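The values are calculated or read from the model by the stated rules, or taken from the named source; none is laboratory data. Predicted, not measured: the structure shown is a model, and the values here were computed from it. Neighbour counts are summed over all protein chains in view; Cβ atoms, including those assigned to glycine, are modelled from backbone coordinates with ideal geometry. Surface accessibility is based on the protein's heavy atoms, side chains included, excluding ligands, DNA and RNA. Shrake-Rupley method; radii C 1.70, N 1.55, O 1.52, S 1.80 Å.
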Amino acid sequence: MAVQAMNKSISTFMIIVAGMLFSMSAMAYDGSGLWLPAARQGDKATVISDVKGRKAAIAVQELRDLWRGGESVTLRIKRDKSLGAEGYRIIPGDGNVTVTANNATGLLYGAYHLLRMQSAGVGLDSVVTEVPAFDLRVLNHWDNLDGTIERGYAGESLWKWEELPGKISPRYKDYARANASIGINGVVLNNVNASSRILSREYLEKVKVLADIFRPYGIKVYLSANFAAPMQLDSLPTADPLDKNVARWWKEKCNEIYRLIPDFGGFLVKANSEGQPGPCDFGRTHAEGANMMARALRPHGGKVMWRAFVYSPADADRAKQAYIEFQPLDGKFDDNVIVQIKNGPVDFQPREPFSPLFGAMPATPQMAEFQVTQEYLGHANHIAFLAPMWEEFFGFVKPESLGAVAGVANIGDDDNWTGHPMAQANWYAFGRLAWDPSLTSREIVKEWLPATVYGGTAMPDDVKSGLEEMMLCSREAVVDYMMPLGLHHLFAFGHHYGPEPWCNPEGARPDWLPSYYHRADSAGIGFDRSPSGSNATAQYPEPYRSLYASASTCPDELLLWFHHLPWNYKMRSGATLWDELCRSYERGCITVSDMQKAWTAAKPYIDPQLYTDVETRLATQARDAQWWKDACLLYFGEFSGMPLPADVTAPVHTLEQLRAVDLGITNFESPSTSLLNSKR
Ligand code: BDP
């Protein structure tokens, strides 16, 4: 008792100390400040600059308000070809730090670099030279004009269309600032499932207001365009890209846009995909459609980002379809078209191999599309730090082969922007990797955690590294408890949250159903994409083609993506496939419980509101991990007929109970099932 009381008073004391540190370093926590430092108290920092214009003024102001380095900072334009349009150099000196760049954009990025170093507690001891790897680093918002967000889990859209252009939310500027601070320079405002109305005069005037706010932060606005807009907005009889009235309509539309927004970035287009209109409706190719729009944008310097996310059943394997449709179009796109390809060949699963389209169209500019929002990784309930996923991608697809990167935003109007406070790390990581894809996940988390979670506290090193590990292992944990060994798309229909490997609603497209992907039967499990199956492996270049083609060389983590194997197949570890599968699910659950422990250890040093929020979400994550494990192992166990290995704990649910959980097919936000709650 006495010991407990003493421990309690020690931890109360530590909470008070940590609380004092917090109040010294920041305002009351609500998550809205993201990773940006709090303003200095008292005197401003000394910043010397004679560079004119809004951008430079922002850079100066940010440093005056936030820089605590002691040295003064000089911002200076200095011509240097090697720095390009956005690069910068930071030169430490005696009592002064100098930032040079070719223009104010570079100076702004240089200013934010200094502030990031400050937040991460990194000293400046040598010259820093930075040039972004990609010219275009863009967030794709899947925001609808009615304020909802497709696959958004952080409230409603930030864009208050009904209030614009008259009323301006202060968050527009905060948003731009946050993006600039991590190097994002483009924003697609609306959903790829686009309403044509965004291109109406009424909406363009609203868009202009946002573009004007974003411009001084180096950010261009882009819009998702509906290919049938000429028909929908102005009743043209067709949207055929080779029809001259259609081409004229787009030209005039672009002229209208550029009169309002002279630096408009261009269009993002989802065409002939999941029911969206496109050139194929008129017997034309994707290239013909994209080029028609590109020619309307060309005089103004705009770009078309044309998505390759298509899967019309040209082949029995969905994973092959985008390649089949797009690869033959190589060389047929105008040079202001860039083909935007999801990282994997299916759809943002917890783990996919890279899409074989990358590198397969050498005469066509390509860009990668990542999903920052956690549609398939536990929504805003699970910690899944995605830098390791993107780092893995860049291990296969060389950044030099890409012209740009896009991330589907996880941002909404929640106070903390991203729903789960730790999901801010994914926004941050996307920006940082889009600037410098050679950064490691660890480097990124070492910047983000102190800047956001524990800066200014006396957190001991072992607790800090516990939090780093918590972040770094989180994506692999999700893979383990949801879809290990290359399994994919075991999700409940529609909302993609919980497990439903048995899901089979009447009339659904087969390639939206889990059984299409897992193919479990008494003979085994997995999708045979080897040469004896769908031969998707043939779409890959060597060495991957051969590596993936044979189960004996295919990496474990992609095994069931490429192969259908017997339950007693002998794995590299010596265990059977079934035992390995069971252990993977078990490991996922154990990792989440380790993540909970790391978070608990950090309690005395973390703002209480943040602490409790994450603690609660981690409890949900732990519950869901168990739910996934039980659902998948009980269901697959019916086919394998094999018992759980002795080192795997028994399920806490029965299959009947889990099958009875009605997940609903739309608008699923959190697993509020009393069944699952009561089981803990
Ligand atoms: C899928 C989403 C769907 C999107 C689609 C896309 O489930 O909501 O519209 O991707 O990327 O992942 O177009």
Asp174 within 27 Å of Glu375 (Cα to Cα), within 16 Å of the ligand (Cβ to nearest atom) and not in a strand (DSSP E or B): no
Among the residues of the range 313-346, count how many are under 22 Å from Phe267 (Cβ atoms) and part of a loop (DSSP other than H, G, I, E, B). 8
With criteria (1) open to solvent by 30 Å² or more (accessible area, probe 1.4 Å); (2) in contact with a helix residue (DSSP H, G or I) (Cβ under 6 Å, 6 or more places away or on another chain); (3) of a type outside the set (D, E, K, R), Thr129 comes up short on (2)
Tally up the residues in the range 257-281 that are loosely packed, with under 14 Cβ neighbours inside 10 Å and either more than 16 Å from the ligand (Cβ to nearest atom) or of a type in the set (A, V, I, L, M) (or both), please. 2
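Results for (1) at pLDDT 95 or above; (2) buried (at least 21 other Cβ atoms within 10 Å of the Cβ), shown as yes or no for each residue.
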{"site": "Ala28", "(1), (2)": "no, no"}
{"site": "Ala39", "(1), (2)": "no, no"}
{"site": "Gly42", "(1), (2)": "no, no"}
{"site": "Gly53", "(1), (2)": "yes, no"}
{"site": "Ile58", "(1), (2)": "yes, yes"}
{"site": "Gly70", "(1), (2)": "no, no"}
{"site": "Thr74", "(1), (2)": "yes, no"}
{"site": "Lys78", "(1), (2)": "yes, no"}
{"site": "Gly84", "(1), (2)": "yes, no"}
Show the residue pairs meeting these rules: Cβ distance below 7 Å; 6+ apart or different chains; first residue within the range 187-208 and within 16 Å of Pro165 (Cβ to Cβ) and of a type in the set (D, E, K, R); second residue away from the ligand (no atom under 16 Å from the Cβ) and open to solvent by less than 10 Å² (accessible area, probe 1.4 Å). Lys206/Trp161; Lys206/Leu164; Lys208/Ile261
Open to solvent by 10 Å² or more (accessible area, probe 1.4 Å), of a type in the set (Gly, Ala, Ser) and more than 20 Å from Asp30 (Cα to Cα), is that true of Gly395? yes
Go through (1) modelled with pLDDT of 95 or more; (2) in contact with a Ser or Thr (Cβ under 7 Å, 6 or more places away or on another chain); (3) more than 16 Å from the ligand (Cβ to nearest atom) one by one and return the number of the condition Gly403 breaks. (2)
What pairs can you find where one residue is in the range 348-372 and in contact (Cβ under 8 Å) with a residue 24 or more places away in the chain and in a strand (DSSP E or B), the other is basic (Lys, Arg) and more than 15 Å from the ligand (Cβ to nearest atom), and their Cβ atoms are less than 7 Å apart, with a gap of 6+ or different chains? none
Find the helices (runs of 4 or more DSSP H) located wholly in the range 492-587 whose residues include 2 or more that are among the small types (Gly, Ala, Ser) and closer than 24 Å to Ser355 by Cβ, and list them. 544-549
Filter the range 86-121 down to the residues that are without any contact (Cβ under 8 Å) to a residue 12 or more places away in the chain and either within 20 Å of Glu447 (Cα to Cα) or buried (at least 22 other Cβ atoms within 10 Å of the Cβ) (or both) and list them by number. Met117
Here the residues within the range 564-577 that are touching a Phe, Trp or Tyr at 6+ places or on another chain (Cβ under 8 Å) and surrounded by 18 or more Cβ atoms within 10 Å (Cβ to Cβ) are His564, Trp567, Thr576, Leu577
Flagged in the range 302-315 as over 19 Å from Pro230 (Cβ atoms) and open to solvent by less than 60 Å² (accessible area, probe 1.4 Å), in numbering order, are Met305, Arg307, Ala308, Phe309, Val310, Tyr311, Ser312, Asp315
Filter result for Glu288 (open to solvent by 30 Å² or more (accessible area, probe 1.4 Å) and within 16 Å of the ligand (Cβ to nearest atom)): no
Tell me, please, whether a residue that is modelled with pLDDT of 95 or more and open to solvent by less than 40 Å² (accessible area, probe 1.4 Å) can be found in the range 657-665. no
Does the range 448-457 contain any residue that is on the phi < 0 side of the Ramachandran plot, open to solvent by 10 Å² or more (accessible area, probe 1.4 Å) and of a type in the set (Gly, Ala, Ser)? yes
Which residue, of Glu391, Glu375, is on the phi < 0 side of the Ramachandran plot and within 15 Å of the ligand (Cβ to nearest atom)? Glu375
